[in-house]
Amino acid sequence: MIKFLDLQKINTPYRLAFEKKLATVSDRGWYILGEEVQKFENEFAAYCGTKHCIGVGNGLDALVLIFKSYIELGKLQKGDEVIVAANTYIASILAILQADLVPVLVEPDAQTYNLDPDLVGANLSAKTKAILAVHLYGQLCDMHKLQRIAKQHGLLLIEDAAQAHGAQDGHGIKAGNLSDAAGFSFYPGKNLGALGDAGTVTTNDPELAQMIRSLRNYGSEVKYYNDHIGYNSRLDELQAAFLQVKLPHLEGENQRRKYIAKRYLAEINNPKIGLPFYDRSLNHNFHLFVIQTKNREALQHYLQESGVQTMIHYPVPPHKQKALGQWNDLSFPITEKIHRRVLSLPMGPVLTDDEVTSVIRILNDYR
Ligand SMILES: *Cc1c(COP(=O)(O)O)cnc(C)c1O
């Protein structure tokens, strides 16, 4: 079976370095918010090109803490509207809801699956105060147009960069450094994955950075003195240490993903399969390689029988989820079509050339 993503194989080369880090952290006896977190924060800020990076518990919390911090700083108020693409992973929307803000769902661009700047413009209201730009599958949103809209209307622009580690725009600026603040996830399956839950916020705003540092740690900067009603969402020392081991290899791993994607794009030629739109001026990190097909269940079944594991990102759009019952009657035709047709092929830094060749051959043999 060709796995969709072989996490064990991805982490095996780092095993010895992980063990050394485990010994260091265990022997030091300081397990929360210590030098490993600080070191990783500095390294990831340098990697993204931002002034600040704040380690938090996971990617969802990174986004929640950004919104809650803006509320604490008086830059957002409960009930303010945040524009977000209707086809995003539900975490983006949960983050807005958990901060008592109002998500305004808009259809994505039918080609890129990312926010359509024209539709953002069309959905602005007097209550709109922020745009959440999700770089879906690792392809950047049109950040220059979104930056212009945000500036023109005095909106905050926030990136959900949970799938976009290392993705770059045409000027070489990385995800995480294209907005007021960005949330990253280091969930094990992301391009930079920990051995558990982990996340960060990146920003160039010192005031926001300080507020997030406080809110992630009970709203406290001096132990047992609490300035805000905070949370407990800290990046673990151990996960930060593991992430230090993997960060220097992220560029190489992304290059390997890009090489595999280029082969898929060049060699899959079956009229039943639609290939993803790929803007070559952007440096896509190919977190996912997502094809579309009319009869997805049949194709997925054929691939499974042929030894190719695939996944669906995602089978049900947020507005059709039981949890969001108040939106179940809304209609987003582009979003719904995407959710009916998408299928994610095996993708990752440890997929071999032979495996890629097999996937391509099996797809081209599909009738
Ligand atoms: C993974 C993901 C998240 C949430 O990250 P967690 O670390 O799992 O909380 C948020 N948004 C998007 C787009 C994601 O893919």
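Out of THR335, THR357, which single residue is open to solvent by less than 20 Å² (accessible area, probe 1.4 Å) and of a type in the set (Val, Ile, Thr)? Break it down into steps so the answer makes sense when it comes.
Working: THR357 fails: open to solvent by less than 20 Å² (accessible area, probe 1.4 Å).
The conditions single out THR335.
I'd like to check something: does the stretch 266-278 contain any residue that is open to solvent by less than 50 Å² (accessible area, probe 1.4 Å) and modelled with pLDDT under 95? Checking the stretch 266-278: at least one residue is open to solvent by less than 50 Å² (accessible area, probe 1.4 Å) and modelled with pLDDT under 95. At least 2 residues being open to solvent by 10 Å² or more (accessible area, probe 1.4 Å) and more than 17 Å from VAL56 (Cβ to Cβ) is the threshold, and among the strands (runs of 3 or more DSSP E) wholly inside the stretch 112-194 those reaching it are 128-134. Here the stretch 195-236 is the region considered, the condition is being surrounded by fewer than 15 Cβ atoms within 10 Å (Cβ to Cβ) and within 16 Å of the ligand (Cβ to nearest atom), and the residue that is nearest to ASN283 (Cα to Cα) is GLY196. List the pairs whose first member sits in the stretch 300-315 and is at negative phi, whose second member is open to solvent by 60 Å² or more (accessible area, probe 1.4 Å), and whose Cβ atoms are under 8 Å apart, counting only residues at least 6 apart or on separate chains? As it stands, the answer is LEU303/GLN309; VAL308/MET1; GLN309/MET1; GLN309/LYS3; THR310/GLN304; HIS313/TYR89; TYR314/TYR89, since those pairs meet every condition given. Would it be correct to say that ALA261 is closer than 18 Å to PHE4 by Cβ and either more than 20 Å from the chain's Cα centre (by Cα) or outside the structural domain of ILE173 (by the TED database) (or both)? When the stated conditions are applied, ALA261 passes them.
Residues ALA95, ALA91: which one is within 16 Å of the chain's Cα centre (by Cα) and either part of a strand (DSSP E or B) or surrounded by 24 or more Cβ atoms within 10 Å (Cβ to Cβ) (or both)? Before you say what the answer is, go through the steps one by one.
Values: ALA91 fails: either part of a strand (DSSP E or B) or surrounded by 24 or more Cβ atoms within 10 Å (Cβ to Cβ) (or both).
Criteria check complete, one pass: ALA95.
Any idea which residue in the stretch 69-88 is nearest to the chain's Cα centre (by Cα), counting only those that are among the polar types (S, T, N, Q) and assigned to a loop (DSSP other than H, G, I, E, B)? Looking at residues that are among the polar types (S, T, N, Q) and assigned to a loop (DSSP other than H, G, I, E, B), I get THR88. Scanning the stretch 107-145 for residues that are among the hydrophobic types (A, V, I, L, M, F, W, C) and away from the ligand (no atom under 16 Å from the Cβ) turns up ALA110, LEU119, VAL120, ALA122, LEU124, ALA126.
The values are calculated or read from the model by the stated rules, or taken from the named source; none is laboratory data. These numbers were taken from a predicted model, which means no experiment stands behind them. Because the Cβ atoms are built from the backbone with ideal geometry, glycine has one as well, and the counts that use them run over all protein chains shown. To get the accessible areas, we keep the full protein, side chains included, count just its heavy atoms, and leave off ligands, DNA and RNA. Shrake-Rupley method; radii C 1.70, N 1.55, O 1.52, S 1.80 Å.
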